[in-house]
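Here the structure comes first, spelled out in structure tokens, and everything after it is commentary.
Bear in mind that the values in this text are calculations on the coordinates, not laboratory data. A quick note: this is a predicted structure, and the numbers were derived from the prediction, not measured. Virtual Cβ from ideal backbone geometry, glycine too; neighbours counted across all protein chains shown.
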Amino acid sequence: MRCGKMAPFVLLFCLILVPSCYSLPLCMDQTYPKKINSSLAFCGYSDKACCSAADDLVIQNQFTTMNISDAACADVMKSILCAQCNPYAFELYSKSKNYPVLCNNNLVNSSSPSNSTTDFCTETWNTCKDISIPNSPFGTSNGSPSKLSDSYKGASDFCSTAGGSATDQTVCFNGGMSVGFNGTQPAPPPQGICLERVANGTYYNFVPHPDGSNRVFLGTQSGKIFLATVPPQGSGKTLDFDLASPFIDLTDVVHYDNEFGLLGFAFHPNFLTNGRFFVSYNCDKSKSVTCSGKCSCNSEINCDPSKLGSDNGALPCQYQEVIAEYTVNGSSASPSTAKTANPAEISRVFTMGLPYNNHHAGEIFFGPADGYLYLMMGDGGNSGDPWNFAQNKKSMLGKALRLNVDIVPTNADIDNLTLWGNYSVPKDNPYFTDPTFRPEVYAYGFRNPWRCSYDAERPTYLFCGETSEDTYEEINLVTKGGNYGWRIYQGYDLYFPPWAPGPNISANSIDPIFPVNGYNRSEVNNNLGSAAIVSGYVYRGNTDPCLYGRFVFGDLYANDMFTSAETPRGSGNFSRDRITFTCSKNSPIRCDFTGKSSLPSLGYIFSFGQDNNRDLFYATIKGVYRVVRPSLCGYSCPLESNVPPSAPPPSPGQPSQSSLSLKLEMPVILVLTCLYVLLGFRF
């Protein structure tokens, strides 16, 4: 179809588009589709599906009880019943648990799925409207025989209920085993990213204040966390905080060296009422009596610490991974107005000895939908994960762990369940009832996951970076129960460790989830011969509208920056564009440029961050940088002049208007983006 003929459909779609949903291949239990060895006997799905052979038989029996007399209608209903096996079942059944959202081109304010020419909803109506169907997924709850025409006035009425329009769905069921994706193609990538330097100093973490105000927390690797006020865009001011007065100083308990230090912190979802927050850091067992967790190399995983040897003079499990709970209660009238925290530890949530001196990751965050605490653990170090901890189902290394910090176990529970601290295990963890797994495991097969973030608009999208051994730097979409392949795979290729005293696992025995993005090390930093990915954010701010909806990530050495767009939206398939960046001449703090230095102008990028306006920040060895309007760096963005300025940030302790302003601004940005595509703007 020619672009001119598509324009009315695309324009209509753009004008009614609102922020929607969750998609990417996911089953109804939010796990990734599983590999199946042969096609399902009844439903026919092969390769990856959301049904087992047992599920397939249940569906077949359900279909048999329907006893549909018309062959054409039977085929339609069979495909609808089998849609629960479709790799996109989670999104397809988001409106009803009885039937999938049917592709529908005839709704008012609807657009055709971009990869579909079939109006399957109308086809279903025309084929089955007058056929009596016992236990119909569209029928009454008592299971009595019914016709579609008994419950609906016509195709429009039926499809307004069963059909999916572009206003509320990204994926719809298209009959057979296919799906349609609603949405336009993404706009071309921005011409470049414009930055300003808003703070000096080196920070590892950047976390917005839970109260929605214009404040953020900055964490240093050495163990200090600072509370800073973010200046308005265009003010010419820097982050405002006092280096002499940290929010909390944990340098007396944090072991700081190379990859060790304060690795992350996270605020409880109810922080504004309970004042609780959590810190992830490393400690040295030889210097602290409280640094006394179990060794990750132990008999449960058939590992003998005496066989590990020393690592640069350190004994196995001398250094430990810790999650500790702290509070602001008692330091202020309310958690929102607290400027300092109580440095006394409230609870030791987790402590585990590390086998070697690297690859312990350590980021923590709360899930936006479930309220549980997640801990990203690396494989424990040494070249090539020699003991294969990442694939060992009983090891806590190389895993994403999911913990409940609201239900505190008794000492007896900790001993009986062999827990690693004061937490309980969510009963819906994917391996909670599997005796071959540690129940804390949410996903596994990681080498050293470095920085994770949820898409603010689609909370099933959890992006995590994965640093490679020597070839491919990864971006993964982490899902419940997923195996991300290490050390069997590095990127998309099989990996063969140089030394493997531990157990070997064949590639055929695992069902890996491959990266959605990344880059080969050979593409970046050729002069240094090294690379390390730093995962970023899906940009949802309004300062740079040409960046909106794109996932931004980069490399530790800061020579290379990338943006990525999902194409088509909801598919789980992502493009990748290398993007240039520079510093605004109006930067409050003058930016450094490479000159004669072998290092790039930003030095090293340790983390990306977002404030409550969803502006994007870079935490680097040379300071904190913020994304600003592209025109300040001479980059062209046709949408920039049409976006209203952000609302003034609220004062600390007052209710935030940022979420409201974003709700108002997002449709503007989205409409302008669609017009941008239609009008054919090019850089």
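Below is a table of values for the structure above.
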{"quantity": "Of Thr220, Leu40, Met28, farthest towards positive along the dipole that unit charges on Lys, Arg, Asp, Glu beta carbons give the chain", "calculated": "Thr220"}
{"quantity": "Ascending count of other beta-carbon atoms within 10 Å, so fewest first, for Asp370, Asp56", "calculated": "Asp370, Asp56"}
{"quantity": "Projected label distance in nm at Thr418 and Thr582, using a 7 Å step from Cα toward the beta-carbon", "calculated": "5.9 nm"}
{"quantity": "In degrees, nearest ten, helix 3-16 long axis to first principal axis of the chain (Cα)", "calculated": "70 degrees"}
{"quantity": "Contact order normalised by residue count of the stretch 27-112, Cα under 8 Å, 6+ apart, percent", "calculated": "29 percent"}
{"quantity": "Likely footprinting exposure, Tyr256, Tyr461, fewest C-beta neighbours within 10 Å first", "calculated": "Tyr256, Tyr461"}
{"quantity": "Length gained when the stretch Lys97-Ser641 is fully extended (0.36 nm per residue, less Cα-Cα span)", "calculated": "191.5 nm"}
{"quantity": "Sequence-distant residues sharing a close amide H with Tyr442 (under 5 Å, placed H)", "calculated": "Ala400, Leu401, Arg402"}
{"quantity": "Potential extension, Ala369-Asn302 segment - 0.36 nm per residue separation minus Cα distance", "calculated": "20.5 nm"}
{"quantity": "Helical mean residue ellipticity (222 nm; -39500 (n - 2.57) per DSSP H run of 4+; nearest 500) of the chain", "calculated": "-4000 deg cm²/dmol"}
{"quantity": "The chain - percent relative contact order, Cα under 8 Å, separation 6 or more", "calculated": "14 percent"}
{"quantity": "FRET E, pair Ser292, Asp470, Förster distance 25 Å, beta-carbon r, rounded to 0.05", "calculated": "0.10"}
{"quantity": "Amide H within-cut-off set for Ile193, under 5 Å, with H built and near neighbours excluded", "calculated": "Thr580, Phe581, Thr582"}
{"quantity": "Acute angle (nearest 10 degrees) that the helix 53-66 long axis makes with the longest principal axis of the chain, alpha-carbon atoms", "calculated": "30 degrees"}
{"quantity": "Extended-chain gain in nm, criterion 0.36 nm per residue less alpha-carbon gap, Ser310 and Asn258", "calculated": "17.1 nm"}
{"quantity": "Positive-end residue of Tyr484, Ser94, Asn357, charge dipole of the chain with Cβ unit charges", "calculated": "Ser94"}
{"quantity": "Integer Hz, Karplus 6.51/-1.76/1.60 couplings in order for the stretch 532-537, x for Gly and Pro", "calculated": "7, 6, 10, 6, x, 9"}
{"quantity": "Residue order, fewest to most beta carbons within 10 Å, for Asp385, Asp577", "calculated": "Asp577, Asp385"}
{"quantity": "Distance violations [Cα-Cα > 18 Å] among Lys224/Lys399; Lys97/Lys480; Lys129/Lys153", "calculated": "Lys224/Lys399; Lys97/Lys480"}
{"quantity": "Cα long-axis angle, helix 658-678 against the chain (0 to 90 degrees, to the nearest 10)", "calculated": "60 degrees"}
{"quantity": "Cβ-derived FRET efficiency at R0 45 Å, Asp434 paired with Ala344, nearest 0.05", "calculated": "0.75"}
{"quantity": "Student exercise, the chain dipole from Lys, Arg, Asp, Glu Cβ charges, in Debye to nearest 20", "calculated": "1020 debye"}
{"quantity": "For the stretch 276-288, 3J(HN,Hα) per residue [Karplus equation, 6.51 cos²θ - 1.76 cosθ + 1.60, θ = phi - 60°, Hz, x = Gly/Pro]", "calculated": "8, 8, 10, 10, 10, 7, 10, 10, 10, 4, 6, 10, 9"}
{"quantity": "Net +/- balance of residues flanking Pro439 in space, Cβ distance below 14 Å, scoring K and R +1, D and E -1", "calculated": "+2"}
{"quantity": "Proximal charge balance of Asp130 [Cβ under 11 Å; K/R count +1, D/E count -1]", "calculated": "0"}
{"quantity": "Around Asp385: net Lys/Arg minus Asp/Glu count, Cβ-Cβ under 12 Å", "calculated": "0"}
{"quantity": "Amide H partners (placed H, <5 Å) of Leu616, local residues excluded", "calculated": "Val627"}
